[in-house]
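**Q** Below: one structure in structure tokens.
Just so it is clear, none of the values below were taken in a lab; they were calculated from the coordinates. Because the structure is a prediction, the values reported are computed rather than measured. Quick reminder, even Gly has a Cβ in these numbers, built from the backbone with ideal geometry, and neighbours come from all protein chains shown.
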Number of protein chains: 2
Amino acid sequence: MAQNTRETLLDAGLTLLLRHGYNDLGIQAVLKATGTPRGSFYHFFASKEAFALEVVDQYMVEVHQGLDAALGDTSLPPLERARHFFELSRDKYRRDGYFGCMLGGLGQELSGTNPAFARKIEECFAVIVQRLADCMQEAKEAGDLPADTDPQHMADLLLNCWEGAALRCRLRRDPAPLDEMLDFYFARAQSA
Amino acid sequence: MAQNTRETLLDAGLTLLLRHGYNDLGIQAVLKATGTPRGSFYHFFASKEAFALEVVDQYMVEVHQGLDAALGDTSLPPLERARHFFELSRDKYRRDGYFGCMLGGLGQELSGTNPAFARKIEECFAVIVQRLADCMQEAKEAGDLPADTDPQHMADLLLNCWEGAALRCRLRRDPAPLDEMLDFYFARAQSA
């Protein structure tokens with residue numbers, strides 16, 4: 001029961017933080033959306049900041065599920081696996097209503113003043129980049145990327161360009177920037 | 001004198017909104033930073049939202065100055081002009097302390113709930129893209145881009161990838177993602 005309340009609060013946090021960002025979201029809205037008394041919230045989370053940081057962890061559980069599904073599919077060549085991860089992310093954005101990526105949203109909003117969030121979001125990006133870099137390394141070994149490719153560098157570029165496309169997707173509620181970016185990146189990644 | 005107060009408030013807004021974002025910034029902080037009485041602020045701006053939208057206009061004045069300087073330098077080939085605009089933007093980010101791009105920051109923070117800001121930021125991006133697209137068109141005519149290039153499409157990609165790199169720059173207070181993105185884009189843009 002207690003565990004259910006905690007999960008219910010985190011699930012609501014995923015939806016509400018993605019849409020509102022951090023500062024526009026009051027705890028009261030989370031309580032109202034979930035029918036949870038204030039005392040229960042503070043039983044599970046020391047503060048709004050602690051709650052939001054745990055919501056980011058929950059978001060990352062879903063990101064890793066996508067990475068596992070896409071990068072683990074060794075029936076595909078490595079570059080197609082990497083692309084598939086972002087296609088799964090795009091499908092998730094569609095289900096959410098094209099509000100883009102929570103990491104990019106909170107990273108932009110909070111990293112100017114809140115070092116804990118800046119560090120947290122950068123750590124999340126670094127973990128995603130590392131998994132993509134392993135995939136790029138495989139692509140390089142398979143001859144699908146030039147021999148002088150730096151896999152980490154190519155993974156960083158991919159993630160960063162995606163985050164910019166996700167911003168534009170959020171502004172326009174439109175997936176087109178996501179696909180256009182993937183088409184550009186994967187068509188050009190293979191050239192020297 | 002009145003004009004000076006208005007400009008002083010907008011200048012402070014440029015610095016404070018870039019760092020804090022919108023919801024974390026109180027009018028009181030703007031008044032304190034500028035030594036302006038509350039009544040003066042509301043003489044010039046109907047609300048915090050009206051103020052922030054005018055700060056975005058002020059930001060765009062600087063963006064257009066950069067575009068004029070870079071794209072107007074016809075001693076350079078068109079693609080080098082486009083790159084130079086982003087190098088000037090990077091130099092501006094350095095002077096600001098590597099807080100990235102205000103358009104990306106406010107766009108991420110506010111576009112989930114505030115249609116006026118979503119529209120405003122998307123309009124700003126569209127204007128920048130149009131100016132870059134004209135430059136891409138020139139590059140295409142000069143044979144520096146493949147004959148089947150869609151200049152608008154290439155300009156959108158460039159801006160979007162830049163915005164993602166600017167997020168990472170903000171998170172890490174580090175310009176490296178900006179240069180890496182430009183190197184990748186301009187090396188690959190010319191291949192078919």
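**Q** Check the protein assembly as shown for me: any Cys whose beta-carbon has no other cysteine beta-carbon within less than 4.7 Å?
**A** A:Cys101, A:Cys124, A:Cys135, A:Cys169, B:Cys101, B:Cys124, B:Cys135, B:Cys169
**Q** Okay, moving on. Put a point 7 Å out from Cα along the line to Cβ at A:Leu31; what are the distances to that point in the other copies, in nm, shortest first?
**A** Result for A:Leu31, in nm, nearest copy first: 2.9.
**Q** Along each of its three principal axes, how wide is the spread of alpha-carbon positions in region B:123-182, in whole angstrom units, largest first?
**A** Sorted largest first, the three principal extents are 38, 25, 13 Å.
**Q** Output, in nm with one decimal and in ascending order, the distances from the B:Glu87 label point to the matching label points of the other copies (7 Å from Cα along Cα-to-Cβ).
**A** For B:Glu87, the other copies' label points sit at 3.9 nm, shortest first.
**Q** Related question: Using the basic label-point model (7 angstrom from Cα toward the beta carbon), what is the A:Asp144 to A:Glu123 distance in nanometres?
**A** For the pair A:Asp144/A:Glu123, the computed spacing is 3.1 nm.
**Q** A further question follows. Points 7 angstrom from Cα along the Cβ direction at A:Arg38 and B:Gln130: gap in nanometres?
**A** With each label placed 7 Å out from Cα toward Cβ, I get 5.0 nm.
**Q** Determine the sum of side-chain charges near A:Arg6: Lys and Arg each +1, Asp and Glu each -1, restricted to other residues whose C-beta is under 13 angstrom from that of A:Arg6.
**A** Neighbour charge sum, excluding A:Arg6 itself: -4.
**Q** Express in whole angstrom the spacing between the alpha-carbon centres of region A:55-122 and region B:128-174.
**A** Result: 24 Å between the Cα centres.
**Q** Looking at the square roots a ≥ b ≥ c of the eigenvalues of the Cα gyration tensor of the protein assembly as shown, which shape do they give, rounded for a/c under 1.5, prolate if a/b is larger than b/c, or oblate? The partial results should precede the final answer.
**A** On the way: a/c = 2.14, a/b = 1.08, b/c = 1.98.
Verdict is oblate for the protein assembly as shown.
**Q** Same structure, new question: What percentages, rounded to whole numbers, describe P(r) for region B:73-149 computed over all alpha carbon pairs with 5 Å bin width beginning at zero?
**A** Per 5 Å bin, starting at 0, the Cα pair percentages come out as 3, 14, 17, 17, 17, 14, 10, 5, 1.
**Q** Any lysines with Cα under 23 Å of the A:Lys120 Cα? List them, leaving off those in the same chain fewer than 8 positions away.
**A** Cα-Cα hits under 23 Å: A:Lys48, A:Lys92.
**Q** Once whole DSSP H runs in chain B are found, which of them have Cα atoms spread over 18 Å or more along the helix axis and a mean Kyte-Doolittle score of at least -0.5?
**A** Working: long enough: B:2-20 (26 Å, -0.12); B:48-71 (34 Å, 0.28); B:78-96 (28 Å, -1.70); B:115-141 (38 Å, -0.01); B:151-172 (32 Å, -0.10); B:176-189 (19 Å, 0.19).
Counting only whole DSSP H runs, the qualifying helices are B:2-20, B:48-71, B:115-141, B:151-172, B:176-189.
**Q** Would you list the P(r) distribution for chain B, with all Cα-Cα distances sorted into 5 Å bins from 0 and each bin expressed as a whole %?
**A** Histogramming chain B at 5 Å steps yields 1, 7, 15, 18, 18, 15, 11, 7, 4, 2, 1, 0 percent.
**Q** Same structure again: Kindly provide the helix-only [θ] at 222 nm of chain B, computed as the sum of -39,500 (n - 2.57) over DSSP H runs of four or more divided by all residues, to the nearest 500 deg cm²/dmol?
**A** The helix contribution divided over chain B gives -26000 deg cm²/dmol.
**Q** While we're looking at this one, here's another question. Taking B:Thr113 in one copy and the same position in all the others, each labelled 7 Å out along Cα→Cβ, what are the pairwise distances from the first, in nm, shortest first?
**A** Sorted ascending, the copy-to-copy spacings read 1.5 nm.
**Q** Another question, if that's okay. By average Cβ neighbour count within 10 Å, what is the ranking of A:134-143, A:18-27 from highest down?
**A** A:18-27, A:134-143
**Q** Right, another one. Quick check: pseudo-label points 7 Å beyond the Cα along Cα→Cβ at A:Gln3 and B:Ser47, how many nm apart are they?
**A** About 4.6 nm, to one decimal.
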